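The values are calculated or read from the model by the stated rules, or taken from the named source; none is laboratory data. Keep in mind it's a predicted model, so treat the numbers as computed, not measured. Ideal geometry is used to build each Cβ from the backbone, glycine not excepted, and the neighbour counts take in all protein chains shown. Ligands, DNA and RNA are stripped out before the accessible areas are found, and what is left, the full protein with its side chains, is counted by its heavy atoms. Shrake-Rupley method; radii C 1.70, N 1.55, O 1.52, S 1.80 Å.
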Amino acid sequence: MSILVNKRTAVICQGITGRQGSFHTEQSIAYGTRMVGGVTPGRGGERHLGLPVFDTVRDAVRATGATASVIYVPAPFAADGILEAAEAGIELVVCITEGVPVNDMIKVKAALLGTGTRLIGPNCPGVITPGECKIGIMPGFIHKRGCVGIVSRSGTLTYEAVFQTTNNGLGQSSCVGIGGDPVRGMNFIDVIELFERDPQTEGIIMVGEIGGSDEEAAAEHIRRFVKKPVVAYIAGVTAPPGKRMGHAGAVVAGGKGTAADKFRALEAAGVRTVHSPAELGSAMRATLKSARAARTRAGAITPRAALKSKSVRGRVSVAGKKKTKPERARAKKPKATRAVKHRARPAARGARSARARARR
C-alpha cells in the first residue's frame, strides 16, 4: 500500500517542453511512472517525449483522466500553475519550482482550503513509492521497496535517509520531500498521519531543519497520536543565528527555531533522535528490532496455543471458551479412578445376584 501515489496514478507535467520538465519526465517514464501527458500553453496538439501536449490542465485532465500533476514552470508562474491544476480537479500537485514568492504561496494556501487538492512543495524533491511511481527529481535507483516511511524538509537529506535505509535492508514504503519554504503545502503532521494509517509502514524517519516551528508541532502530534517508532534528525545545528542556510525557511530569528529546541521537543515526545544523517538507517533498524521484539512479547495467546499450555489446559475448551464448573470437575478427576470404578461394577452386580439366589 502507498500513501499518495502508486503504479495506477496518472500523471501530467506542467512545463513538459522546458529543459527541466523534459529531463525529469524522461526519468519518471524510465522509472515506470504512468506519465499520460503534459501542458505548455500555445503548444496544444503537439507531442513531446511520445506524450500529448495540451494548452491547459483542464484539457489534459479531460483527455487523459490524470489525477496528479508535477510542475516545472518558472517561479513567477508557479502559483498560477498550482491554482490551475486545483481548478481542473487534480488531486495531488507536486511543485518542484524553487523561489516562488512567499506572498504568492499565501494566496495559494488560502485558495486550496476546502478543495480536494493536496499540494507538495514548492521547492521540494517530490514523492515516490519505490518500484511504482516517481514524481519529481528524486534519483530512483537508490530506492528500495520496504517498510520505512520518510518525510523531509531537505531534498539532499531525503536521499541520504533513503540511501541509509536501503543499505540497512529496510527499504521504504513511501518518501515525501515536503520542501523547505516557509509557506508550503503538506507539512510533517499531514504526512505522518498518512504513515501512521499505512499498514506497510512500520517506522517513520523525519528529517527537519532549523527555522519555523513545524518540528515542534510534529513532536506534539507524535506524542499524542503516533504509535509507530519515529527516528528524527534536525539539520543546521551549527548554523549561526540570523543566517539563512539553503532554504528560505531555514533561518533562526528571535531566538526561535533552533536545532536544540527541536531536538528537545522530539526527545520529550519519545522520538529517537540522531545527530548525524549517517546514523538514520542504523538507528531505525535498531528501533524497529526493539519494537518487533516488544510486540512479540506482548502478543496474546491464541486458543490453539492455550490448549497446548499446561497452565490453562483444564480451563479452556477447544473453542477457546471457559469450561463450566462440571466440565472442570470432570477434567480434574484422575483417569485411574474412573478405570477402577468401571472394573468394580461387574463384581458388584455378581454379588447382588448371589444374595438373591440365597434368599430364594
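Things to note:
- Here the extension length gained between E267 and S213 equals 17.9 nm, from 0.36 nm per residue of separation less the Cα-Cα distance.
- R0 of 30 Å, Cβ-Cβ distance T238-A75: FRET efficiency to nearest 0.05: 0.55
- Rounded to two decimals, the Cα-based Rg/Rh of region 1-54, with Kirkwood Rh, is 1.00.
- Local charge for A298 was computed over the other residues whose Cβ lies under 14 Å away, with Lys and Arg +1 and Asp and Glu -1, and equals +4.
- Note on region 110-216: Rg/Rh from C-alpha atoms, Kirkwood Rh, equals 0.95.
- Alpha carbon Rg of region 98-154, scaled by the compact-globule rule 2.2 N^0.38 Å: 1.38
- Count Lys and Arg as plus one, Asp and Glu as minus one, and take only other residues whose Cβ is under 15 Å from that of L92; the net charge is then +1.
- Compared with the alpha-carbon gap, the fully stretched path from A293 to V102 is longer by 64.1 nm at 0.36 nm per residue.
- Binned Cα-Cα distances of region 31-70, short to long, each 10 Å bin given as a whole percent: 32, 59, 9
- Total formal charge among the other residues, if their Cβ is under 12 angstrom from that of G208, Lys/Arg +1 and Asp/Glu -1: -3
- Carbon-plus-sulfur accessible fraction, region 149-230 (probe radius 1.4 Å, protein heavy atoms only): 49%.
- Debye equation applied to the C-alpha atoms of region 17-108, log10 I(q)/I(0) at 0.10 Å⁻¹: -0.24
- When the square roots of the Cα gyration tensor eigenvalues are ordered a ≥ b ≥ c, the ratio a/c for region 26-167 is 1.5 or more and a/b does not exceed b/c, which makes its shape oblate.
- Excluding ligands, DNA and RNA, the accessible surface per residue across region 92-247 is 36 Å² with a 1.4 Å probe.
- In region 153-246, the ratio of gyration radius to Kirkwood radius, Rg to Rh, stands at 0.96 when only Cα atoms are counted.
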